[in-house]
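A.B. asks: I have a structure here, written as structure tokens, and I will follow up with some questions on it.
The values are calculated or read from the model by the stated rules, or taken from the named source; none is laboratory data. Note that the structure is predicted; figures quoted are calculated from it, not measured. Here the Cβ positions follow ideal geometry from the backbone for every residue, glycine too, while neighbour counts run over all protein chains shown. Just so you know, the surface numbers come from the protein's heavy atoms only, side chains and all, with ligands and any DNA or RNA stripped out. Shrake-Rupley method; radii C 1.70, N 1.55, O 1.52, S 1.80 Å.
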Amino acid sequence: MPSASLPRLSAYLKAAGPGLVVMLADTDVGSLITAAQSGARWGYSLLLLQILLVPILYVVQELTVRLGTATGRGHGALIRERYGPAWAWISYGGLVVAGIGAIVTEFSGIAGIGDLFGVPRLVSLGLPACLLLGLVFTGSYRRVEVVAIVVGLFELVFVGLAVAARPNLPEIVASFGHMPLGDGQFRVLIAANIGAVIMPWMIFYQQSAIVDKGLGWEHARRSRLDTLVGAVVSQCVMGAILVAAAATIGKAGQGSAKGLETVGDLAGAFTPALGPWLGQVVFGVGIIAAAFVALNVVALALAWGFGDVTGRPHSLEQSPREAPAFYGAFALAVATGAVAVQLVPDLVALNIAVEVMNALLLPLALGLLILLATRALPEGQRVAGVYKGVVYAVSGITIAFAMVGVLDGVGLL
């Protein structure tokens, strides 16, 4: 490597992390199940949407980069300062609804993998919960980030599963012209996929992670690159699991009458090319990695958000004694999810419903995010000009498609 490149690489690595981690968490259990159901029901038809969501996802999360590096404040804290505590609590309420739903789906995915291998639920739920608490309560921001990246990269096994499924490239290309937008069930899955990719807890997490890492405006450009790399990786994983499902039971766009009701159904659908035992192991590794990173990110988003709206200390650089409310909120989120899964059936329908709910929360989450990015920053840092128009257009179209799907889901269209 040329010596001139080393300083640039070092500077990038210093800023990298928050974007990649939040994007690895974006491909959580609920998102993967949504992508799988899309491939099983509609073949490759929703793959184009996964590709189109790359720039949309980047635009949304770039706003958190801008706000975090320019202000050094978390998302909830900025809302409280700019629009008052009432709006801060409303925003945090949306975060709690989306966050608890996500945490339950992550634990349900881990428990489902445990069921495949005969692991008692007390172990399959208790062990990851204890590991998470140990990691966060005894670590620094850097340590938590490094562990999340290392574990999250195991999600790339889904790319291998997609290759092993031997998808038909001409059929994939042909599917881009087959978008049955007149079908209400198809529109529901559009909303679910949008909700699976753009979630309120991502906004809270990345902005707070940037602040906790100590990144300033001078790091904004490299933080944007970190976010772009993460968005591409995230959608590659989502696309891979959709392709794997479509190539096995989706019948290349003809839909499928078979339901995917449990994690076991998913494992069986994705692993015929690898054999039952190896396939289940590879699939299990991917699901557990996705769930672990998402649990960490979502619970931290809830804890950081609580500190933002209450004004209490909330940093991984502080000890539990120095920031008891922050660590207490994290522990409560993790424990609540683990206990709740004992009472919730392991149904794919639950995960789809959570993603549709995320789509329903988009107007609130994106609305406040855009207001802050266009009005709360000084000239030169705020969103303006042509890019402002791009942000409005991307957000408006995304919300419109999401709302149509939500209305379909509740039977109003």
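A.B. asks: Is there a residue being touching a helix residue (DSSP H, G or I) at 6+ places or on another chain (Cβ under 6 Å), hydrophobic (A, V, I, L, M, F, W, C) and at pLDDT 80 or above anywhere in segment 246-257? Show your work before the answer.
C.D. replies: Going through segment 246-257, the residues touching a helix residue (DSSP H, G or I) at 6+ places or on another chain (Cβ under 6 Å) turn out to be 246, 248-250, 252-253, 255-256.
Add one more test, that the residue is hydrophobic (A, V, I, L, M, F, W, C), and what stays is 246, 249, 252.
Checking which are at pLDDT 80 or above leaves us with 246.
Yes, segment 246-257 contains at least one residue that is touching a helix residue (DSSP H, G or I) at 6+ places or on another chain (Cβ under 6 Å), hydrophobic (A, V, I, L, M, F, W, C) and at pLDDT 80 or above.
A.B. asks: Here's another thing I want to ask about it. Might you check whether a residue that is farther than 22 Å from residue 188 by Cβ, open to solvent by less than 10 Å² (accessible area, probe 1.4 Å) and aliphatic (A, V, I, L, M) occurs anywhere in segment 25-34?
C.D. replies: Yes, segment 25-34 contains at least one residue that is farther than 22 Å from residue 188 by Cβ, open to solvent by less than 10 Å² (accessible area, probe 1.4 Å) and aliphatic (A, V, I, L, M).
A.B. asks: Please determine, by comparing only the residues of segment 196-229 that are open to solvent by less than 30 Å² (accessible area, probe 1.4 Å) and β-branched (Val, Ile, Thr), which one is nearest to residue 58 (Cα to Cα).
C.D. replies: 227
So that you can scan it fast, the table gives a plain yes or no per residue for (1) within 17 Å of residue 37 (Cβ to Cβ); (2) assigned to a loop (DSSP other than H, G, I, E, B); (3) open to solvent by less than 10 Å² (accessible area, probe 1.4 Å):
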| residue | (1), (2), (3) |
| --- | --- |
| 157 | no, no, no |
| 160 | no, no, no |
| 170 | no, no, no |
| 188 | yes, no, no |
| 194 | yes, no, yes |
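A.B. asks: So, one more: For a quick check of your reading of the model, give me the residue pairs whose first member lies in segment 218-245 and is within 14 Å of residue 155 (Cα to Cα) and assigned to a helix (DSSP H, G or I), whose second is open to solvent by less than 10 Å² (accessible area, probe 1.4 Å) and charged (D, E, K, R), with beta-carbon atoms closer than 6 Å and at least 6 apart or on different chains.
C.D. replies: 234/26; 237/155
Here's the yes/no breakdown for (1) within 15 Å of the chain's Cα centre (by Cα); (2) modelled with pLDDT under 90:
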{"residue": "10", "(1), (2)": "no, yes"}
{"residue": "14", "(1), (2)": "no, yes"}
{"residue": "21", "(1), (2)": "yes, no"}
{"residue": "24", "(1), (2)": "yes, no"}
{"residue": "28", "(1), (2)": "yes, yes"}
{"residue": "32", "(1), (2)": "yes, yes"}
{"residue": "50", "(1), (2)": "yes, no"}
{"residue": "73", "(1), (2)": "no, no"}
{"residue": "78", "(1), (2)": "no, no"}
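A.B. asks: Identify the single condition in (1) surrounded by fewer than 21 Cβ atoms within 10 Å (Cβ to Cβ); (2) among the charged types (D, E, K, R); (3) touching a helix residue (DSSP H, G or I) at 6+ places or on another chain (Cβ under 7 Å) that residue 142 does not satisfy, given that it satisfies every other one.
C.D. replies: In the conditions (1) surrounded by fewer than 21 Cβ atoms within 10 Å (Cβ to Cβ); (2) among the charged types (D, E, K, R); (3) touching a helix residue (DSSP H, G or I) at 6+ places or on another chain (Cβ under 7 Å), residue 142 misses (3) alone.
A.B. asks: Tell me, which residue of segment 96-118 that is open to solvent by 50 Å² or more (accessible area, probe 1.4 Å) and over 22 Å from the mean Cα position of the chain (by Cα) is farthest from residue 290 (Cα to Cα)?
C.D. replies: In this case the residue turns out to be 118.
A.B. asks: Further, regarding this structure: Residue check: is residue 66 among the basic types (Lys, Arg), under 22 Å from the mean Cα position of the chain (by Cα) and buried (at least 20 other Cβ atoms within 10 Å of the Cβ)?
C.D. replies: yes
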